[in-house]
Amino acid sequence: CQPINGYTVALDMDHDGDDIGQAPSVAEATNRCNTDSSCKGINSLGWYKRNLSPLHYQIGLCFYTKVATNCQPISGYTVTIDVDHNGDDIGQSSVADATSRCNADINCFGLNSGGYYKRHPGKDRGPSSK
């Protein structure tokens, strides 16, 4: 079983039914699952699924479970999950306070889930940027 970023993997496991659809490849199933909030996981045959249990033994298959995130949407910001960068911090506080401070500061272009508000959104930066 190949690792997939954002998923845990169970070797020789599968879940019957609860299919949303089947993609022609695991990579495409991953893309479809990532863009579908009802999708909870995929198998190595490209089936992407809305439920994960019960799992059962199925030799040769890999079952991938989407890792849940705790990123909450913030009005006026685009969320990018599992992305951050070091430096250019203006300050740090609660996420709610950091949002208010960033909104009021023309030099602030984003914040992260740790409450650090930032001067530059940049590429591959976030997780949230204006």
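Selection of strands (runs of 3 or more DSSP E) fully inside the stretch 18-130 by the criterion of at least 1 residues being among the small types (G, A, S) and modelled with pLDDT of 95 or more returns 19-22, 41-43, 56-66. Taking the stretch 88-108 as the range and being free of Cβ contacts under 8 Å to residues at least 24 places away in the same chain and under 30 Å from T35 (Cα atoms) as the test, the residues that pass are S94, V95, A96, D97, A98, S100, C108. Provide a single number: the residues in the stretch 1-17 that are assigned to a loop (DSSP other than H, G, I, E, B) and more than 19 Å from the chain's Cα centre (by Cα). Residues that pass the stated criteria total 4.
To keep it simple, each residue is scored yes or no on (1) farther than 30 Å from R119 by Cα; (2) among the β-branched types (V, I, T).
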residue: I4; (1), (2): yes, yes
residue: M13; (1), (2): yes, no
residue: N34; (1), (2): no, no
residue: S37; (1), (2): yes, no
residue: S53; (1), (2): yes, no
residue: H56; (1), (2): yes, no
residue: A68; (1), (2): no, no
residue: S75; (1), (2): no, no
residue: N86; (1), (2): no, no
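The values are calculated or read from the model by the stated rules, or taken from the named source; none is laboratory data. For clarity, every value in this text was computed on a predicted model and none was experimentally measured. We place every Cβ from the backbone using ideal geometry, glycine too, and count neighbours over all the protein chains shown.
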